[in-house]
Each structure stands twice: as structure tokens, then as C-alpha cells.
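Some notes on the structure that comes next.
The values are calculated or read from the model by the stated rules, or taken from the named source; none is laboratory data. Just so we're clear, the structure is a prediction, and the values are computed from it rather than from any experiment. Because the Cβ atoms are built from the backbone with ideal geometry, glycine has one as well, and the counts that use them run over all protein chains shown.
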Amino acid sequence: MPFIEVARYYEKIEATSGRLDMIDLLKKLFVETPPDILDRVVYLTLGSIAPAYEGVELGIGEKLLLRALSLATGISQDKLEKKYPELGDIGMLAEWAVKNKTAQSFFQEDLTVNKVYDSLINIAKIVGERAQDAKIRTLAGLFSDAKPLEARYIARIVTEKLRLGVRDMTILDALAEAFLKGRVYRDKLEKKYNIFPDIGRIAKIVAEKGMDGLEEIHVTLGIPIRPMLAQRLRSAEEIMDKIGPKVIAEFKYDGERMQVHIWPNGNVRIFSRRLEDITEPYPDVREFVARAVEGHEAVLDGETVAINPDTGEILPFQELMHRRRKYGVEEAMKAYPTVTYFFDVLYLDGKELLDEPLERRREILLDLLKENEKAKVVEYEVIDNNVSELERFFEQAVERGTEGLVVKDPKSQYQAGVRGWSWIKLKRSYISKMIEPVDLVVVGAFWGKGRRAGTYGALLMAAYVPEEDVFKTVCKMGSGFSDEELESLPKILEPYKIEHRHASVISNLEADVWFVPQKVAQVLGDEITLSPTHTCGWGKVKKDAGLAIRFPRFMGWRDDKGPQDATTEKEIIDMYKMQLTTLPDASEVSISEKR
Ligand code: ATP
């Protein structure tokens, strides 16, 4: 398949501002693509060459790209560097350079998808002393053959800045439309994707075999399962009402979620909540887990916390983050020792366990895991129809330095990728009646004035709506930043900048600058109020009104979360409703509404 056909679709996708149009374009692209290369086209469309969890990094720096471009076009690097700020985008620069090239290429061949993909794989895999030169030569080869439009997208893909804003969920929609007779089968497709999130391979399978192909997809060691997530409620009583009378209450450790895949030979791979491979920084977790389940094939779900080596106390999440590093792993391991608490087993010795009830999975876990000092089973209690017992266990959890409890329905299945009501968290911050921080996506920005001239005065923040795969705005956030953080905003957000509002952003406000919804920040507000401006919860609490977070403050970036992990519209609505039930009297509601 000629790459130019794909590039033409990218151009159209980039220009569209409607999500349905985007799905329609993707559907057409997928139908036109020969099934045997559909996986490749899907990865490329996501700006990558492999599923995210494989951690294949293209990451060509801009300097390197300019060298390749210069080599291919005969335009000096100097000239390219001067032209770059004028065009402001690496893709546009490559397009311009190819259009205006002075070098003649005698054996110019049309680029195919396979040629582009294979070259990119080569670029990612070349290592060793002369790696840089070899990467430049391969890339220059591509640019020599590329048409201007092709060059635009090749340059963006290799620098990891494709920014089409197409996400896995949109691809699933398009696949269902293209190969599964529409949206009826979308759920089944998503269920398979949740246990096998290699969207490229899934695409190829449904294109080749339709629905039947999906039956071949199973939990596979080395391929992460999307984690099950929890809902929240504010009191032990509400939780009992919701999923009682019998519950399994577990400590909620404030650490890093880890899905651990173990092979019988002791090989271990660890995946994060976002399915990144985080095996390397945690040799200690690997060693102790392998010892605890020796001789088995298993997939375990758990949380790793940092502990104070002197006192054994559990330390806050921020301390554990010192372990997320490529270099100095040994030193960090000594300074920040860990314990992993396992709360689930999803697969054991060839058998998928997701559909077994939790109480059965717990028995299997207890049988399987030979606890040691660093690999343990979660601390839990089975509580039967007794709210005060649940409250007591909660207090105990808080006293032990955890965030509270995750209370689970013993009969529930493991719903991969789903935030359902079978797991409910009870955190200490809800009890103290503060609004807990939310995680919102940056979708736009407004230029600052006065002291803030030259940087952004406020960011437009949005919540995620998984049902529609869109982002709805909920506040403008301008406080909580240190001076340095404020100054660094334009640079941090530069990679996500786009010309117009992104197709998946629903906003009544016109921002000065728009972004691809990608970067997630933790935000703490005073309260949630009705809003005539913001689109989050529009019409769902009150006709012609949305919800806004009042006095939002920036608490830090949540680079461990992607846009789809952000707080959802529904959670914001629930938080708003919870707040109403705990406000002392109705007059407060009307005051905050009037303001
Ligand atoms: P939070 O910011 O509250 O951790 P989250 O959005 O990261 O929320 P949730 O699914 O809402 O994730 O909350 C559950 C999280 O709590 C899990 O992702 C996991 O990292 C952590 N956790 C700690 N202990 C447990 C436990 N016993 N069972 C399930 N999750 C636990």
C-alpha cells in the first residue's frame, strides 16, 4: 500500500473537528488497508510502531532529524534551523524541505507502508557505537523517497509528535464499524482489548477473521491486562448498602500499582497502571515475587509501597517515585526499599481466572503465594453486615499509614479496564469532608498578562467522558503554580499544541491556545458548583448548566496517568452530589450558585 494514501488520510483527520468524522475517516482507511498490514497502519496512526507496553522508543531528537533532512534534501542544516521557528512544527519543516529540495535523487522509489514501517523499526532497534549515523542514513533514505506530505508525517512520527489525537478507543469504534457490522459488537471487542491491549494485533485479527477471530484472543504472559479500577463512596455505611452485606475490605496502599507476570523459570515482567513495562527499576520486586510463586506461570495484581528501612513504616507515594529511574537503580533500591502487597491473581498455570469470583481468586492467591519479607498478600478482612466493624478496620488502615480501604464484592469478577461498583474506595480525605484532588487533562490555555506576560495565565482543564471518548471542560486553573512551574508551562505544553480545538474536546470557551488532550495534572478545588460556562455534566444535574471546580489549584503533574485515566465526568457529578448531601444547610448551596 502506498504510504501517500495513509498520509492523505492523516491530513484529513488532522483537519476534522468532529469525532464522528474522525471515526468515519479511520474506518475508510482501515477498509482500504490490506488486512495483513493493518496492524502496522494502526500503530503508525497512533504515532508509534508497536503497542505502548512494549516501550519501543523512536525518540529521534530534532537535531538528528535536521541532519537527516539536510542529507536528503541538500538544504543546509543552518537554513533548516532558521526556517524552523517560522513554520513552528517539525512536520511542516520536513514538508517544506522536501518541496524545496536541491539534491537530486536518481533512484526515487514510491514509499510503501511496509517500507516506512520497516525503516522505523530499524531506526528504533539500531544500537551500538555507530547507531546515530546509521539512524540518520536510514531516515535520510526515507526523506529522499518521500513526497512532501509523506515527509510531514514521517518527521512527526519519528520525533513522537504525530498528535492526530486518535486514541485506542476511537480505533476500536472504527474497527467495529469497518469489520463487525457496526457498534453492536463494540463491547465484545473492547472486552478482548481489555485483556489483550495490542490494538494493532486486534485490528489485524478482526480484519482477517471478523468476530470469530476474537475467540482466539486470551490472556497471555508478557501482554498486560488493563487493570480493574475502583469507584468511590464517602462512608462505610454507603458502601455496605451498595455491595454488602458481605464484603472483602482491604488496605488501600498509597504506592504504585503493579501487574506482575511470572514465568516458571523465574523470569518476571512488571507493568504499571498505564501498562508501561516497569520491570527494570524494580529488581528487588522481581526477585522476591519470583521466590514467592516459584515454579508457576502467573499474573498477579498488587501495589508496591516504599518503606522506611529503619522503622518499617509505609512511606508516601512520592518517595516510591524515586525508584522510577533508568540509572542508579542499585542505589535507589537501597535508599527506598519496597514491599509489594498482592490483592489479586488473574491467571495461573494456563488458566484465566478473571471470571472466577473474587473470593475464589483470593483462595487461589493464598494457596499460591509463599509470603516473604517483600512479597505479601494484602491485609484484609471479610466483614459480614457490620458497618461499625468496617469503620474500625478503616481506622486501623489509616493508623497504619495507608490511604484507607478498597472494599470489594466477594462475588465479583475481575472486570479488566473497568471502573465498576464491585470495588469501592473509602479514603481518609473524603471523611475529613475536603474535596479530594482530581486528575484533569489540559485541553487549552489563555495567555497571561502583567507579571505573567509571556507565559500562560490559566489552563483550561477537562474531565474525561469514557462513554463518548471526549473531554469536557470543568475549570480554568491559574493558581497553585510556583514561579518556575509557571515559567515552564509553554515549554512543557509545546509538544501538544494544535491549531484548533481538538475534535474530542467539548468547550464553550474559546482558548487562546489549544492542545491535544494528553497532559494530566492533579487539581485541588474548594468545591464543585453549577456553571453556565463549563461543559462537564452539561444538562445532567440541571438543565442548561454544567459543573465547575471552584478555586482550582495546581498540585503537580500526573505523568503516571494518561488522558483516559483522568477523573471522569461521572465522578465529578457524583462528587457534586455527595457534597450537597453533606453541606450543612441549603442556604450555602444558593450562595455558591449565586457567586
Ligand atoms: P487513586 O488516585 O485514588 O489511587 P486511581 O485512579 O489511581 O486512584 P483507583 O482504581 O480509583 O485508581 O483506586 C484504586 C487504586 O488504589 C489502584 O489503582 C491501586 O493502585 C491502589 N490500591 C492500593 N491498594 C489496593 C487494593 N487493596 N486493591 C485495589 N487497589 C489498590
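Considering only residues that are crowded, with 18+ Cβ neighbours inside 10 Å and hydrophobic (A, V, I, L, M, F, W, C), look in region 93-110 and name the one that is farthest from P495 (Cα to Cα). Talk me through it step by step, then tell me what you get.
Applying the first criterion (crowded, with 18+ Cβ neighbours inside 10 Å) to region 93-110 yields 93-98, 101.
After this cut, where a residue has to be hydrophobic (A, V, I, L, M, F, W, C) as well, the list is 93-94, 96-98.
Working: L93: 15, A94: 17, W96: 20, A97: 21, V98: 23 Å.
Among residues in region 93-110 that are crowded, with 18+ Cβ neighbours inside 10 Å and hydrophobic (A, V, I, L, M, F, W, C), the one farthest from P495 (Cα to Cα) is V98.
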Practice prompt. Hey, could you check region 111-133 for residues that are in contact with a helix residue (DSSP H, G or I) (Cβ under 8 Å, 6 or more places away or on another chain) and among the aliphatic types (A, V, I, L, M) and say which is surrounded by the most Cβ atoms within 10 Å (Cβ to Cβ)?
Written response: L120
Worksheet item: How do the pairs read when you match residues in region 438-449 that are in a loop (DSSP other than H, G, I, E, B) with residues anywhere that are of a type in the set (G, A, S) and surrounded by fewer than 22 Cβ atoms within 10 Å (Cβ to Cβ), using Cβ under 7 Å and keeping only pairs 6 or more apart or on different chains?
Response: G448/G457; K449/G457
Practice prompt. Working only within region 38-56, note down all residues that are surrounded by fewer than 18 Cβ atoms within 10 Å (Cβ to Cβ) and in a helix (DSSP H, G or I).
Written response: E54
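Quick grid of which residues meet (1) in contact with a Leu (Cβ under 6 Å, 6 or more places away or on another chain); (2) touching a residue at least 24 places away in the same chain (Cβ under 8 Å); (3) part of a loop (DSSP other than H, G, I, E, B):
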site	(1), (2), (3)
E395	no, no, no
P410	yes, yes, yes
Y414	yes, yes, yes
Y464	no, yes, no
Discussion item. When the residues of region 312-329 are narrowed to those that are assigned to a loop (DSSP other than H, G, I, E, B) and without any contact (Cβ under 8 Å) to a residue 12 or more places away in the chain, which ends up farthest from E276 (Cα to Cα)?
Written reply: G312
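For V127, are the conditions met, namely being within 31 Å of the chain's Cα centre (by Cα) and over 30 Å from D469 (Cα atoms)?
Yes: the conditions hold for V127.
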Discussion item. Between F251, F271, which is assigned by TED's automatic domain parsing to the domain that holds F342 and under 17 Å from I424 (Cβ atoms)?
Written reply: F251
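When you go through D277, D310, D344 one by one, which is the residue that is modelled with pLDDT under 95, of a type outside the set (F, W, Y), closer than 24 Å to Y414 by Cβ and out of contact with any Leu (no Cβ under 6 Å at 6 or more places or on another chain)?
Among D277, D310, D344, only D277 is modelled with pLDDT under 95, of a type outside the set (F, W, Y), closer than 24 Å to Y414 by Cβ and out of contact with any Leu (no Cβ under 6 Å at 6 or more places or on another chain).
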Item to complete: Of the numbered conditions (1) in contact with a helix residue (DSSP H, G or I) (Cβ under 6 Å, 6 or more places away or on another chain); (2) closer than 19 Å to E150 by Cβ; (3) surrounded by fewer than 22 Cβ atoms within 10 Å (Cβ to Cβ), L29 fails exactly one; give the number of that condition.
Response: (3)
Worksheet item: Counting just the residues of region 462-483 that are within 30 Å of D187 (Cβ to Cβ) and surrounded by 24 or more Cβ atoms within 10 Å (Cβ to Cβ), which one comes out nearest to the chain's Cα centre (by Cα)?
Response: Y464
Worksheet entry | Yes/no for A458 being outside any helix (DSSP H, G or I) and within 16 Å of the ligand (Cβ to nearest atom) | no
Item to complete: Spot the failing condition for D110; the list is (1) in a helix (DSSP H, G or I); (2) touching a residue at least 60 places away in the same chain (Cβ under 8 Å), and only one is missed.
Response: (1)
Worksheet item: Right, V289: more than 9 Å from the ligand (Cβ to nearest atom), part of a strand (DSSP E or B) and assigned by TED's automatic domain parsing to the domain that holds L390 or not?
Response: no
Worksheet item: Does any residue of region 203-226 turn out to be surrounded by fewer than 21 Cβ atoms within 10 Å (Cβ to Cβ), of a type in the set (S, T, Y) and under 24 Å from the mean Cα position of the chain (by Cα)?
Response: yes
Discussion item. Condition check: more than 16 Å from the ligand (Cβ to nearest atom), buried (at least 21 other Cβ atoms within 10 Å of the Cβ) and at pLDDT 90 or above. Does A503 satisfy that?
Written reply: yes
Discussion item. Go through region 375-399 and report how many residues are within 11 Å of the ligand (Cβ to nearest atom) and modelled with pLDDT under 95.
Written reply: 1
Discussion item. Is it the case, given these coordinates, that D284 is outside any loop (DSSP other than H, G, I, E, B) and away from the ligand (no atom under 16 Å from the Cβ)?
Written reply: yes
Worksheet item: Somewhere in region 524-539, is a residue hydroxyl-bearing (S, T, Y), under 25 Å from the mean Cα position of the chain (by Cα) and modelled with pLDDT of 95 or more?
Response: yes
Discussion item. Testing T402 on (1) crowded, with 22+ Cβ neighbours inside 10 Å; (2) away from the ligand (no atom under 11 Å from the Cβ); (3) outside any strand (DSSP E or B), one condition comes back false. Which one is that?
Written reply: (2)
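Grab the helices (runs of 4 or more DSSP H) fully contained in region 149-251, keeping just those with 1 or more residues being within 30 Å of F515 (Cα to Cα) and away from the ligand (no atom under 16 Å from the Cβ). Explain how you work it out, then say what you get.
Numbers: elements: 168-179, 186-195, 199-214, 236-243.
In region 149-251, 168-179, 186-195, 199-214 are the helices (runs of 4 or more DSSP H) which contain 1 or more residues that are within 30 Å of F515 (Cα to Cα) and away from the ligand (no atom under 16 Å from the Cβ).
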Worksheet item: Looking only at residues in region 253-274 that are outside any strand (DSSP E or B) and crowded, with 24+ Cβ neighbours inside 10 Å, which one is farthest from the ligand (Cβ to nearest atom)?
Response: G255
Worksheet item: Residues in region 74-95: is at least one assigned by TED's automatic domain parsing to the domain that holds A131, polar (S, T, N, Q), free of Cβ contacts under 8 Å to residues at least 24 places away in the same chain and out of contact with any His (no Cβ under 7 Å at 6 or more places or on another chain)?
Response: yes
Discussion item. For region 346-362, check the following and say yes or no: at least one residue is within 16 Å of the ligand (Cβ to nearest atom) and over 25 Å from E190 (Cα atoms).
Written reply: yes
